[in-house]
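Undergrad: Encoded as structure tokens, here's the structure I'll be asking about.
Derivation of every value follows stated rules applied to the coordinates shown; laboratory data play no part. Just so you know, these numbers come straight off a predicted model, no measurement behind them. Every residue, glycine as well, gets a Cβ built from its backbone with ideal geometry; the counts of neighbours run over all protein chains shown.
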Amino acid sequence: MSRPSVLLILPPYGDFTYPYHSVSYLAPALRRAGIDVEVIDLNIVWLRSILKSEQLGIWKREARSALDELNRLPQWGNEEQKLAIDCIRVMAAANFIDPALIIETLRTDAFYDYERYLDARVQYRLFEHILNWVYPAVEFYRAFERPADEGNAEALVSGALSCERFIGEAADLLKQRFAKRSFDVVGVSMSFSCHLRLGFASLAAAERVFPDAFRIAGGTAVTDIVSYRESDNTLAPFARCCDHLFVGEGDTMFASYVEWALGRQETCPAQAINPADVRDVEAAGEVPFHKISERHDTPDYSWCEWDLYLSPERGINYSPTRGCYWNKCTFCDYGMNRDTPTAPYRQARMERVIDDLVALEKSGIANVYMAADAVSPKFVRGIARGLSECGSKLKWSAQMKLEHYLTKEVVEELEIGGLVTSAFGLESGSAEVLEKMGKGRDQLNRTIHPVLDAFKDSTIGLQPMFFFGFPGETDADRQATVDLLNGNRDVFSVVTDCNSFVLTAGSLVARSPDTYGITNLRRPAGGDIQGSLSYEQVSGEPLARDLGYEGFSRQLDYFETFERPWVGGIDSFHTFLYLKRFGRGIVHQLSKLHAGDLSVRLRLPVDLPDSYFDLEQVFENVLITAWAEKRRGEDKVLEELGTEALDLALADAHRPLTRAARACDYRLELVD
């Protein structure tokens, strides 16, 4: 009897700085069951296949052709003006972007030359603007911000299947890699909502290459779709993309699915749902959780093509625990949970964790993020102690909840054991709000302030996560959050702009709305797979987010250039590498430079110029203006061009440019 075979795919558009870890745990579990497994990170393989000068030239010609078509029209309405502006932006950006420079900068020691890093970042962000134009059904430029939920099943599937260009490219890449292979099952892991469109499009590509294989969609984002479905019929559109939706963790039951697909097992596991069969959806049972304390496979990263990732060092995610040990936060509804805010907490044996990390270090991996909802501080201490005792040089980060257990002595052990930075859920600077959130009583005095003081004597940088707008929160509460953040800036390696509270269907707040003074919970119009809910306050007062948080955000020491996955983004690998090289205060220094405080100089290989400019802004203000002026002079039809779309696009065109920007005016010639 031949061995069954499975192809696991990580889809675009995800983090391009290092590999995601979901399939690294699934692959060894399948192999243990006697199944052959291949893995491809289509996210980075596809990205590097198009991040090339030759491809930019093709897209530029397409944009020029589209603009020529527009120029043949007797007049332009708003839509035509928008299209013209997009075409001009693509042409200008394609001329400026140097893929070889981006790759060299982000993959070599030039990464730590901040001026060169900024140049690469600006060019890559312009590249994402082009991707938005080339693949209009997908949002690339804002993919790493908190993405909006995919609210409607039909819209999601139709959007995925409309990505014909990507589907063809992905199919070609699969043919190149696996031309002589056949697979019984092809699975795509979609961890976040930004993966969904190209994830289901990847399944469409797989059908072209492996028409006889069962196609299955899995991952946290897919589990959310099933959990949040409006009705059992809601899932029917997904049958156009795949045979089954897999709910929950695959370590224990995915092998059973493969056996069923081969006809060796009579019953399909309840975790695998046929979206076209309402009875199958109705029969979906509870999600079984993998007991990693009993059996824990060392994650497999042998499939990684390390030279493709856009970072100068190797980094991975490693999951020593799963779920959240606290599991009481009333606003949380995350991952594969049941009746609690997140999945139940499970942890591996410490001896196995240390063995895994040492083995990974020997394979050339020097940086690890302990990827879990929240790791117990005691467990984090055990990792640090174990690594220190075995002489490991591994550097790592983790997400944990601040506990009074974190004394100066414990923090010192964490520092010695290689911890560089830790993200934690601060959420609010108000003790009353924290208690309503389920964080515990008197958290500020009993825990947060003492723990922050303990970390101040170390080199470890903390990254606070917080949001405004929790039901019942006041302006005084929000100001308390701002004051706490600003008052402890020396220990915070990154402070971001504020997030806004989102009410999710499975949270304790949504289950007991009266307790939190909210009412009329409902899905947004047209939403049938969306987890976020609309609501009103019982008091009749407007929601805080509708009033805006600008006054509070302006007080925070952050700079909007910093975001995932770049330097300054919470939990981003690039941020971790900068903190490791330059210390926890580096992002604070960089933000001051951007704010114009030139008295702050960095000990970097090359200092920033006295006047730094945002090239995206130059394109908006100079290149588009120049083209419009050219058209006004050449085409009488455009003499009166002044409708809303173009006015908005050129609104800032006449503001003074910096000296550095004026010095780059020669780039205008590249537009033609």
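Undergrad: If you project the alpha carbons of the stretch 415-537 onto the principal axes, what extent comes out on each, in Å, largest first?
TA: Principal-axis extents of the stretch 415-537 (Cα, largest first): 51, 28, 22 Å.
Undergrad: Fully extended, how many nm does the chain gain between residue 592 and residue 208 (0.36 nm per residue separation, minus their Cα-Cα distance)?
TA: So the extension gain works out to 133.1 nm.
Undergrad: Given a cut-off of 21 Å, name the pairs among 393/592; 378/408; 328/401 whose C-alpha atoms lie farther apart than that in the structure shown.
TA: Exceeds cut-off: 393/592.
Undergrad: Turning to a different aspect of this structure: Excluding residue 265 itself, calculate the net charge of residues whose Cβ lies under 14 Å from the Cβ of residue 265, where each Lys or Arg counts +1 and each Asp or Glu counts -1.
TA: For residues surrounding residue 265, the net value is -2.
Undergrad: How would you rank 532-541, 67-76, 264-273, highest first, on the average number of other Cβ atoms within 10 Å across their residues?
TA: 264-273, 532-541, 67-76
Undergrad: Same structure, new question: For the stretch 313-594, what is the percent of antiparallel DSSP beta bridges, rounded to the nearest 5?
TA: 20
Undergrad: Within the stretch 416-466, list the trypsin sites (Lys or Arg not before Pro) lying in a DSSP loop whose Cβ has at most 13 other Cβ atoms in a 10 Å radius.
TA: 441
Undergrad: Continuing with this model, one more query. Taking neighbour Cβ counts within 10 Å as the exposure measure, how do 331, 238 sort from fewest upward?
TA: 331, 238
Undergrad: Follow-up question, since we're still on this one. Rank these for me by crowding, 328, 580, going from fewest to most other beta carbons within 10 Å.
TA: 328, 580
Undergrad: What are the ³J(HN,Hα) values, in whole Hz, obtained from phi via the Karplus relation 6.51 cos²θ - 1.76 cosθ + 1.60 with θ = phi - 60°, for each residue of the stretch 353-360 in sequence order, with x given for Gly and Pro?
TA: In residue order, the calculated couplings are 4, 5, 4, 4, 5, 5, 5, 5 Hz.
Undergrad: At a threshold of 8 angstrom on Cα-Cα distance, excluding pairs fewer than six apart, so keeping six or more, what relative contact order does the stretch 313-594 reach in percent?
TA: 16
Undergrad: Can you pick out the pairs among 395/436; 456/580; 52/175; 180/362 whose Cα atoms lie more than 27 Å from each other?
TA: Cα-Cα > 27 Å for 395/436; 180/362; rest within.
Undergrad: Starting at the first residue of the stretch 262-277, write each ³J(HN,Hα) from the Karplus equation 6.51 cos²θ - 1.76 cosθ + 1.60 with θ = phi - 60°, in whole Hz, x for Gly and Pro.
TA: Per residue, the Karplus-derived 3J(HN,Hα) values read 8, x, 8, 9, 6, 10, 6, x, 4, 5, 9, 10, 7, x, 8, 10 Hz.
Undergrad: Something else about it: How big is the shadow of the Cα convex hull of the stretch 49-134, averaged over all directions, in nm²?
TA: 5.9
Undergrad: What translational diffusion coefficient, in µm²/s and rounded to a whole number, does the Stokes-Einstein relation yield for the stretch 313-594 at 4 °C and a viscosity of 1.567 mPa s, taking the hydrodynamic radius as the Kirkwood radius over Cα pairs?
TA: Result for D is 65 µm²/s.
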